[in-house]
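Have a look at the structure below, then the notes.
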Amino acid sequence: MVDLVLTTFDWVPETPRGYVRDLRVRWALEEAGLPYRVESTPFRERTAEHFAHQPFGQAPWLTDGDLSIFESGAILLHLGELSDKLMPADRRGRSDAKEWLFAALASVEAASQPWSFFMFSGDTDETPMRKFFDSFLEARLKHMETVLDGSEWLVGTFSVADILMADVLRLVDRFDGLAKFPACRAYVARATARPAFVKAYNDQMAHFAAAD
């Protein structure tokens, strides 16, 4: 019996497909070679059971035996503890990977997500708020460009930190936001060329397409 169960939406509109955050979890599970199965929760009607697992009505969540874990960062951290393919073995390396995992969420995605809302909506008005988020993201990307210039992965070996950071930057790249940051763009290309990402991406796309 498979103890790891990934629950995601049964369907989403076409625009977010390929970027729903269950992809991060699928990717990690594939990298680690951990057996798992995927279950669905309704997109159009969030049930009480859904909110019991994910208090904001989002997806995904992961169950591992009697544990139910929500938030993609927390899930990746949990999986990193299960597999040395997702975390360095040494104490310093594990600490660095955790550090960068949280940086991906709290520093880079905190800047990229508001910016991406403007891009998804097609809002091109040069308002003060738009200019603020443009400059906020650019500042974060400048720092990441310095970090990634000459480095293959964030902590030496590929880890859950790279899954999160690459997925965050991948959304920016979708809207050509990495055009001025070649090291960031090359990093995303390296990460998304990995067989585990390709399988995770294709599986997610097929999952949602099957419900059309």
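Of note:
- Within the accessible area of segment 68-126, the carbon and sulfur atoms contribute 52%, probe 1.4 Å, all protein chains present.
- Each Cα pair under 8 Å and six or more residues apart adds its sequence gap; the mean of these over the residue count of segment 112-212 is a relative contact order of 26 percent.
- When the inverse distances between all different Cα atoms of the chain are averaged and flipped, the Kirkwood radius reads 17.9 angstrom.
- Per residue accessible area of segment 30-174, 1.4 Å probe, in Å²: 52
- Relative contact order [Cα under 8 Å, 6+ residues apart], segment 61-103, whole percent: 24
- Value of relative contact order over segment 23-106, rounded to a whole percent, pairs C-alpha under 8 Å and six or more apart: 25
- Applying the Karplus relation 6.51 cos²θ - 1.76 cosθ + 1.60 with θ = phi - 60° to segment 166-175 yields 3J(HN,Hα) values of 5, 5, 4, 5, 4, 5, 5, 5, 4, 9 Hz, where x marks Gly and Pro.
- Per-pair calculated FRET efficiency, R0 = 22 Å: Val2 and Ala48 via Cβ, rounded to 0.05: 0.30
- Only lysine pairs 8 or more places apart, or on different chains, with alpha-carbon atoms under 26 angstrom apart are counted in the chain, and they number 7.
- Helix-only CD estimate at 222 nm, as mean residue ellipticity for the chain, using -39500 (n - 2.57) per DSSP H run (n ≥ 4): -17000 deg cm²/dmol
- Listed peptides 161-169, 57-65 appear in the order 161-169, 57-65 once ranked by packing, highest mean of other Cβ atoms within 10 Å at the front.
- Largest-first ordering by accessible area, 1.4 Å probe, given options Glu39, Glu14, Glu30, Glu152: Glu14, Glu152, Glu39, Glu30
- Inter-centroid distance (Cα atoms) of segment 12-35 relative to segment 160-200, Å: 14
The values are calculated or read from the model by the stated rules, or taken from the named source; none is laboratory data. Being a predicted model, the structure only gives us computed values, none of them experimental. Note that we place each Cβ from the backbone using ideal geometry, even for glycine, and neighbour counts take in every protein chain shown. Each accessible area value is taken on the protein alone, full model and side chains, heavy atoms only, with ligands, DNA and RNA left out. Shrake-Rupley method; radii C 1.70, N 1.55, O 1.52, S 1.80 Å.
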